[in-house]
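So the structure is just underneath, and the comments pick up after that.
The values are calculated or read from the model by the stated rules, or taken from the named source; none is laboratory data. Nothing here was measured: the structure is a model prediction, and the numbers come from that model. Cβ sites come from the backbone with ideal geometry, for glycine too, and all protein chains shown count toward neighbours. Just so you know, the surface numbers come from the protein's heavy atoms only, side chains and all, with ligands and any DNA or RNA stripped out. Shrake-Rupley method; radii C 1.70, N 1.55, O 1.52, S 1.80 Å.
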Amino acid sequence: MEVLLPKLPSFKFSSPICCCSISTRSSSYVKFGFRRFSSLSVCASTANEAVAEPSLGSPSLGHTTRPHFPILHQEVNGSKLVYLDNAATSQKPTVVLKTLQSYYEAYNSNVHRGIHFLRQVYAKATDQYEAARRKVASFINASDSSEIVFTRNATEAINLVAYSWGLSNLKRDDEIILTVAEHHSAIVPWQLLAQKVGAVLKFVNLNQYEIPDMDKLKELLSRKTKLVVVHHVSNVLASVLPVRDIANWAHDVGAKVLVDACQSVPHMTVDVHSLNVDFLVASSHKMCGPTGVGFLYGKIDLLSSMPPFLGGGEMISDVFLDHSTYAEPPSRFEAGTPAIGEAIGLGAAIDYLSGIGMQTIHDYEVELGRYLYERLLSIPNIRIYGPAPSEKIKRAALCSFNVENIHATDLATFLDQQHGVAIRSGHHCTQPLHRYLGVNASARASLYFYNTKEDVDNFIQALNDTVNFFSSFK
């Protein structure tokens, strides 16, 4: 549908396409005359003012790494792309792209099998695939690479734990503790499991700082608690949970701990040995690696006690007509042909991140994230979710927010179409959290180490223009 407004660009209204990125129900509407619209896509484009050049002196980490990411060097509707949707997925450096290309061009083969004349190719594919596993283990300080299971993504990794460990260990009235801020992928598998075995899910609400309440979590722990499922870093609140403390409290009552580390492993040093967690999951695509691969870390004694998740080739020891025996971990949980090229690409991404240094990345993002938070406070009628940064409270480099009387999807669409600024809108796969906060959607700007203060400045300038535009219709 086309709507022409006098003295304004032409607008095209389109339907939402992703339940996690766009909310189909508006809590607020922008009024255009006598009609109301909740999902706005701006067709006409106007260029941003020129992006500010970095100031004199030493270039920032963002400025030095941006040349490694080809996708960032393009224009969107006549404006230079400002990519601030890194909590959804990260962009890929050239070295990862070349690694994938090299695999498919030079040594594409299945792994752990084959003696044909291309056996040297097969051997290289297997070596590189297993090298990637060792790189993941080293990156998170696992005791051995056998504690790393490659999966399609973090979601599959959580489901693996639910259906393998969960079905074998949980029974009626056992309790699983989660927080209201968990991603859907850390809630739904346990709901399905609870329905099967009669387990009980208990949820921790937020405290006054909009952080999951750790005092409440401790109160909920009991001998009935068999599992605690928590995020390390919230993809909405930007809060960072004390995972090591949580693990200690849970172990005191005999419970296991599963950590969703999708928003922490790409941004900070994560040491599973120090954290003492039982399971931890993460996704490649959020840490400069390819899509289609993630990993599960599990303590080897737990993995060794768990039955297979999927049946088929590769995960077996011997197959008979009436029964089968199974391989040791991690092969037991990697049925069929794995995502070989993607795993090798993840290994290249880890090499790239390690070359920069995770502490260097974290320190830079803490500074840039604080800058983003402070600049957003200049926007009239804005509500930023999660804790305010302070000496005691550290925020991740992302901000979820709403502006009064303007729907998040309208903001995000205008920013994209008119200014080339890419942010996220919707419930971010955290509908329970958004209901708790009293909204059905929020906008989210999320940073990575290749972003700069100029990116933030351009975003704030574009957001001010966007807010002024919608405010003119009140």
Exercise. Just flag the trypsin sites (Lys or Arg not before Pro) in the stretch 390-462 sitting in loop per DSSP whose Cβ has no more than 13 other Cβ atoms within 10 Å.
Key: K392
Quiz prompt | Folded to 0 to 90 degrees: helix 188-197 orientation relative to the chain principal axis, Cα | solution = 40 degrees
Quiz item: What's the carbon and sulfur percent of the chain's accessible surface, probe 1.4 angstrom, rounded to a whole number?
Solution: 51 percent
Practice problem: Quickly rank 64-70, 347-353, 231-237 as a protection proxy: mean count of other C-beta atoms within 10 Å, highest first. | Solution: 231-237, 347-353, 64-70
Quiz item: What shape does the stretch 398-442 have by the C-alpha gyration tensor, where a ≥ b ≥ c are the square roots of the eigenvalues, rounded means a/c under 1.5, and otherwise prolate means a/b greater than b/c and oblate the rest?
Solution: prolate
Quiz item: Once a ≥ b ≥ c are taken as the square roots of the eigenvalues of the Cα gyration tensor of the stretch 95-355, is the result rounded (a/c under 1.5), prolate (a/b larger than b/c) or oblate (a/b not larger than b/c)?
Solution: oblate
Quiz item: Given a cut-off of under 8 Å on Cα pairs at least six residues apart, what relative contact order in percent is computed for the stretch 95-355?
Solution: 25 percent
Practice problem: Would you work out the relative contact order for the chain, in percent, from Cα pairs under 8 angstrom that are 6 or more residues apart? | Solution: 25 percent
Self-check item: Separation in nanometres of the label points that stand 7 Å from Cα toward Cβ, at I316 and D127
Solution: 3.0 nm
Exercise. Let me know the number of lysine pairs in the stretch 95-355 closer than 21 Å at the Cα, not counting same-chain pairs under 8 apart.
Key: 28
Practice problem: Enter the accessible area per residue of the chain (Å², integer; probe 1.4 Å; all protein chains in place). | Solution: 43 Å²
Exercise. For E404 paired with V200, estimate the spin-label separation in nm (one decimal), with each label point 7 Å from Cα along the Cα-to-Cβ line.
Key: 4.2 nm
Self-check item: the stretch 276-352 - percent relative contact order, Cα under 8 Å, separation 6 or more
Solution: 32 percent
Quiz item: Of V259, S331, L321, which is farthest on the positive side of the dipole of the stretch 95-355, counting Cα position, with +1 on Lys and Arg Cβ, -1 on Asp and Glu Cβ, and the Cα centre as origin?
Solution: L321
Quiz item: Taking the Cα centre of the chain as the origin, how large is its charge dipole in debye, to the nearest 20, when only Lys and Arg (+1) and Asp and Glu (-1) carry charge on their Cβ atoms?
Solution: 980 debye
Practice problem: Show that you can apply the helix-only estimate: for the chain, add -39,500 (n - 2.57) for every DSSP H stretch of four or more residues, divide by all residues, and state [θ] at 222 nm to the nearest 500. | Solution: -10000 deg cm²/dmol
Self-check item: Heavy-atom SASA rank of S222, S425 (probe 1.4 Å, accessible area, largest first)
Solution: S222, S425
Quiz item: Roughly how many debye, to the nearest 20, is the charge dipole of the stretch 367-474 about its Cα centre, given +1 on each Lys and Arg Cβ, -1 on each Asp and Glu Cβ, and no other charges?
Solution: 440 debye
Quiz item: Would you list Y385, Y122 from the most to the least accessible area, probe 1.4 Å?
Solution: Y122, Y385
Practice problem: Just round it to a whole percent: the fraction of Cα-Cα distances in the stretch 325-474 exceeding 20 Å. | Solution: 60 percent
Quiz prompt | Förster radius 25 Å - calculated FRET efficiency between K218 and Q191, Cβ distance, rounded to 0.05 | solution = 0.60
Quiz item: Restricting the count to DSSP beta bridges whose residues both fall in the chain, what percent are antiparallel, rounded to a multiple of 5?
Solution: 65 percent
Quiz item: Dipole of the stretch 95-355, Cα-centred, from +1 at each Lys and Arg C-beta and -1 at each Asp and Glu C-beta, to the nearest 20 debye?
Solution: 160 debye
